[in-house]
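Remarks on the structure that follows.
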Amino acid sequence: MAIRRREKTVRVLLPVLLVLLLSACSVLNGNPQPAPPVSDHPQEIRRNQTQGLREIGSVSAAVLGSPMDVEREIKAKAAAADANYYVIQMLDDTIIPGRWYGRALLYRQ
């Protein structure tokens with residue numbers, strides 16, 4: 001008797017959980033947004049702001065320090081490449097303590 005009650009509960013809860021899981025996926029799907037106006041220095045944007053921009057390349061940086069140091073290095077490389085915007089794809093630490101690695105895509109309007 002208790003087994004049948006559990007099976008019935010699972011049959012009811014499983015579709016509910018599936019619907020909740022699928023509806024949560026829509027939160028991750030970003031709507032396209034316009035990029036901010038171009039300024040005299042490269043600006044970091046999100047992936048959903050890249051529509052209509054031209055990808056001009058990618059840069060990577062490995063720095064001994066902190067994640068902010070890697071972001072600063074990526075911004076400097078984006079300025080050297082004459083990019084208007086950049087999207088940081090990855091920012092992670094390495095096996096060496098205190099050494100950080102980052103990768104970004106560069107865009108121009």
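Which numbered condition in (1) at pLDDT below 90; (2) touching a strand residue (DSSP E or B) at 6+ places or on another chain (Cβ under 6 Å) is the only one that VAL16 fails?
With (1) at pLDDT below 90; (2) touching a strand residue (DSSP E or B) at 6+ places or on another chain (Cβ under 6 Å) applied to VAL16, the lone miss is (2).
Let me confirm something: among SER66, SER60, which residue is in contact with a helix residue (DSSP H, G or I) (Cβ under 9 Å, 6 or more places away or on another chain), closer than 20 Å to LEU91 by Cβ and assigned by TED's automatic domain parsing to the domain that holds VAL87?
Going through SER66, SER60 in turn, the sole match is SER60.
Would a scan of region 65-79 turn up a residue that is acidic (Asp, Glu), over 13 Å from GLU44 (Cα atoms) and in contact with a Lys or Arg (Cβ under 8 Å, 6 or more places away or on another chain)?
Scanning region 65-79, I find no residue that is acidic (Asp, Glu), over 13 Å from GLU44 (Cα atoms) and in contact with a Lys or Arg (Cβ under 8 Å, 6 or more places away or on another chain), so the answer is no.
For the subset of region 57-102 comprising residues that are among the hydrophobic types (A, V, I, L, M, F, W, C) and assigned to a helix (DSSP H, G or I), which member is surrounded by the most Cβ atoms within 10 Å (Cβ to Cβ)?
VAL70
For region 39-73, how many residues are within 13 Å of TYR107 (Cβ to Cβ) and in contact with a Phe, Trp or Tyr (Cβ under 8 Å, 6 or more places away or on another chain)?
Looking only at that region, the number is 11.
Which of the residues belonging to region 90-109 are under 22 Å from SER39 (Cβ atoms) and at pLDDT 95 or above?
GLY102, ALA104, LEU105, LEU106, TYR107, ARG108
The values are calculated or read from the model by the stated rules, or taken from the named source; none is laboratory data. Owing to the predicted nature of the structure, the values given are computational and were not obtained by experimental measurement. Virtual Cβ from ideal backbone geometry, glycine too; neighbours counted across all protein chains shown.
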